[in-house]
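Undergrad: I have a structure I would like to understand better, so I am pasting it below and will then ask my questions one at a time.
The values are calculated or read from the model by the stated rules, or taken from the named source; none is laboratory data. No experiment lies behind these values; they were computed from the predicted model shown. Cβ atoms come from the backbone with ideal geometry, glycine included; neighbour counts cover every protein chain shown. These area figures cover heavy atoms from the full protein model, side chains too; ligands, DNA and RNA do not enter into them. Shrake-Rupley method; radii C 1.70, N 1.55, O 1.52, S 1.80 Å.
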Amino acid sequence: MKPTAFAGLGAMGFPMAAHLARQGQTLVWNRTAATAEAHAAQYGTQAQQSLEGLARADLIVTCLPTSQEVWEVMRVLGPHLQPGTVWLDCTSGHPSSAREQAEWLRQYGADFLDAPVSGGTAGASAGTLTVMVGGDPAVLERVQPRLAFAQKVVHVGEEGAGFSVKAINNTLLAANLWAAGEGLAALALAGVDLGAALEVINASSGRSNATENLIPQRVLTREFPATFALGLLTKDIGIGLDLAQSGKAATPLLAQVGGLFRAATTVTGPQQDHTAALKLIEQLNGVQLGTQAPSLGTEGPKQA
Ligand code: NDP
């Protein structure tokens with residue numbers, strides 16, 4: 001079997017490439033070369049100094065911030081690819097880029113699959129990611145057994161469909177997170193203990209991943225661990241809104257979510273964890289989301 005290559009050893013890519021290494025020879029490249037060297041030392045992968053060094057592989061996996069960085073990498077590596085190579089892009093990218101990149105790679109006899117992932121850094125470490133794939137199902141069938149970082153792989157349609165599903169999934173994540181944040185701020189101002197409120201909500205119909213996991217683990221603890229950047233989530237919502245606009249879909253609620261997350265990114269900073277968006281809700285309400293009963297004093301933000 002020819003080697004597999006992985007480009008983009010970030011928060012997601014680093015653990016994802018480690019799973020590939022369990023299956024066979026794995027070539028890794030990262031813009032900051034020291035990260036690739038560290039990966040090689042830790043997992044026995046082969047760090048490449050140049051992108052061209054990845055061309056020996058017949059499966060190239062990328063996981064970069066946006067489709068723009070994928071284009072940068074593809075324009076360098078693409079002309080060196082062997083015919084029959086499959087390029088599987090795990091970036092949360094743009095559907096229109098997927099179609100253009102698939103077309104561009106065809107001149108080198110290579111196939112493109114858009115294959116964004118869900119499950120966060122915890123899922124990447126555990127090898128339990130969900131992968132949503134757009135492109136030729138026969139090409140997916142060829143490479144699917146090699147996707148060692150995946151627990152569930154779903155073919156969702158033609159090129160770009162994987163990116164479309166991912167963008168809408170993350171727009172729903174943002175909507176649920178924001179709505180839960182507003183609801184909890186209202187409860188905090190009413191004097192309700194948020195730990196008790198979440199215990200009820202999570203056994204009731206208002207629950208979501210935001211109320212079950214994100215808010216208790218990241219917001220109430222004030223930890224906001226930066227595993228998924230707010231700027232990346234806001235990028236995903238933008239892709240979801242582009243998709244809606246190109247299909248002339250009426251999505252007034254999702255448009256509102258886009259505006260709120262753009263504002264939160266500006267106020268909080270794009271490198272913060274995505275859950276830090278709720279700090280804007282806290283500012284708007286003069287309350288901090290916590291599990292204590294609120295102090296009714298007028299000085300500073302209230303603890304809730
Ligand atoms: P990170 O910011 O942690 O990593 C980004 C990676 O891209 C790094 O390896 C970085 O290299 C590289 N990179 C950045 N710019 C360039 C460039 N111009 N050329 C080449 N390489 C570049 O991002 P994540 O791993 O968090 O996210 C990657 C993708 O996965 C995004 O599309 C994100 O939306 C998606 N995603 C993220 C999840 C998460 O929980 N974090 C969950 C699901 C999807 P360097 O080391 O040099 O900076």
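Undergrad: Filter the stretch 13-29 down to the residues that are closer than 18 Å to SER92 by Cα and either polar (S, T, N, Q) or open to solvent by 40 Å² or more (accessible area, probe 1.4 Å) (or both) and list them by number. Full working, then the answer.
TA: So the first thing to find is which residues in the stretch 13-29 are closer than 18 Å to SER92 by Cα, and the list is 13-17.
Scanning the stretch 13-29 gives a single hit, PHE14.
Undergrad: To continue, here is another question. Select from the stretch 50-74 the residues that are in contact (Cβ under 8 Å) with a residue 60 or more places away in the chain and either outside the structural domain of ARG146 (by TED's automatic domain parsing) or touching a strand residue (DSSP E or B) at 6+ places or on another chain (Cβ under 6 Å) (or both) and list them in ascending order.
TA: LEU59, VAL73
Condition check ((1) within 16 Å of the ligand (Cβ to nearest atom); (2) of a type outside the set (Val, Ile, Thr)) across all residues:
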| position | (1), (2) |
| --- | --- |
| PHE224 | yes, yes |
| THR227 | yes, no |
| GLY231 | yes, yes |
| LYS248 | no, yes |
| LEU260 | no, yes |
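Undergrad: Working only within the stretch 74-99, note down all residues that are open to solvent by less than 10 Å² (accessible area, probe 1.4 Å) and within 22 Å of the chain's Cα centre (by Cα).
TA: Looking only at the stretch 74-99, we keep the residues that are open to solvent by less than 10 Å² (accessible area, probe 1.4 Å), and these are 74, 77-78, 85-91, 93, 95, 98.
Within the stretch 74-99, MET74, VAL86, TRP87, LEU88, ASP89, CYS90, THR91, GLY93, PRO95, ALA98 qualify.
Undergrad: Can you tell me how many residues within the stretch 15-29 are within 19 Å of THR227 (Cβ to Cβ) and either assigned to a loop (DSSP other than H, G, I, E, B) or away from the ligand (no atom under 15 Å from the Cβ) (or both)? Walk me through how you get there before you give the answer.
TA: Here is the first cut: in the stretch 15-29, the ones within 19 Å of THR227 (Cβ to Cβ) are 15-19.
When the remaining residues are screened for being either assigned to a loop (DSSP other than H, G, I, E, B) or away from the ligand (no atom under 15 Å from the Cβ) (or both), the result is none.
Number of matching residues: 0.
Undergrad: Checking the structure you have, find out if any residue of the stretch 30-40 is outside the structural domain of ALA226 (by TED's automatic domain parsing), of a type outside the set (D, E, K, R), more than 10 Å from the ligand (Cβ to nearest atom) and within 20 Å of VAL70 (Cα to Cα). Can you show your working first?
TA: To start, the set of residues in the stretch 30-40 that are outside the structural domain of ALA226 (by TED's automatic domain parsing) comprises 30-40.
Remaining after also requiring of a type outside the set (D, E, K, R): 30, 32-36, 38-40.
Subset that is more than 10 Å from the ligand (Cβ to nearest atom): 38-40.
Narrowing further to those that are within 20 Å of VAL70 (Cα to Cα): none.
Checking the stretch 30-40: not a single residue is outside the structural domain of ALA226 (by TED's automatic domain parsing), of a type outside the set (D, E, K, R), more than 10 Å from the ligand (Cβ to nearest atom) and within 20 Å of VAL70 (Cα to Cα).
Undergrad: If you take the residues of the stretch 105-120 that are within 16 Å of the ligand (Cβ to nearest atom) and among the aliphatic types (A, V, I, L, M), which of them is farthest from GLU158 (Cα to Cα)?
TA: VAL117
Undergrad: Which of (1) among the small types (Gly, Ala, Ser); (2) within 16 Å of the ligand (Cβ to nearest atom); (3) crowded, with 22+ Cβ neighbours inside 10 Å does ALA102 not meet, given it meets every other one?
TA: (2)
Undergrad: Just name the residue that is surrounded by the fewest Cβ atoms within 10 Å (Cβ to Cβ) out of those in the stretch 123-161 that are touching a residue at least 60 places away in the same chain (Cβ under 8 Å) and within 12 Å of the ligand (Cβ to nearest atom). Lay out the reasoning, then the answer.
TA: Just the residues of the stretch 123-161 that are touching a residue at least 60 places away in the same chain (Cβ under 8 Å), to begin with: 124-125, 127, 129, 143, 146, 148-149, 159-161.
Imposing the further condition that a residue be within 12 Å of the ligand (Cβ to nearest atom) reduces the set to 124-125, 129, 149.
Details: ALA124: 25, SER125: 17, LEU129: 26, PHE149: 28.
This residue is SER125.
Undergrad: Looking at (1) at pLDDT 95 or above; (2) open to solvent by 60 Å² or more (accessible area, probe 1.4 Å), which is the only condition ALA293 fails?
TA: Of everything listed in (1) at pLDDT 95 or above; (2) open to solvent by 60 Å² or more (accessible area, probe 1.4 Å), ALA293 misses just condition (1).
Undergrad: For the stretch 230-264, which residues satisfy the criterion of being under 19 Å from LEU214 (Cα atoms) and open to solvent by 20 Å² or more (accessible area, probe 1.4 Å)?
TA: GLY231, LEU232, THR234, LEU260
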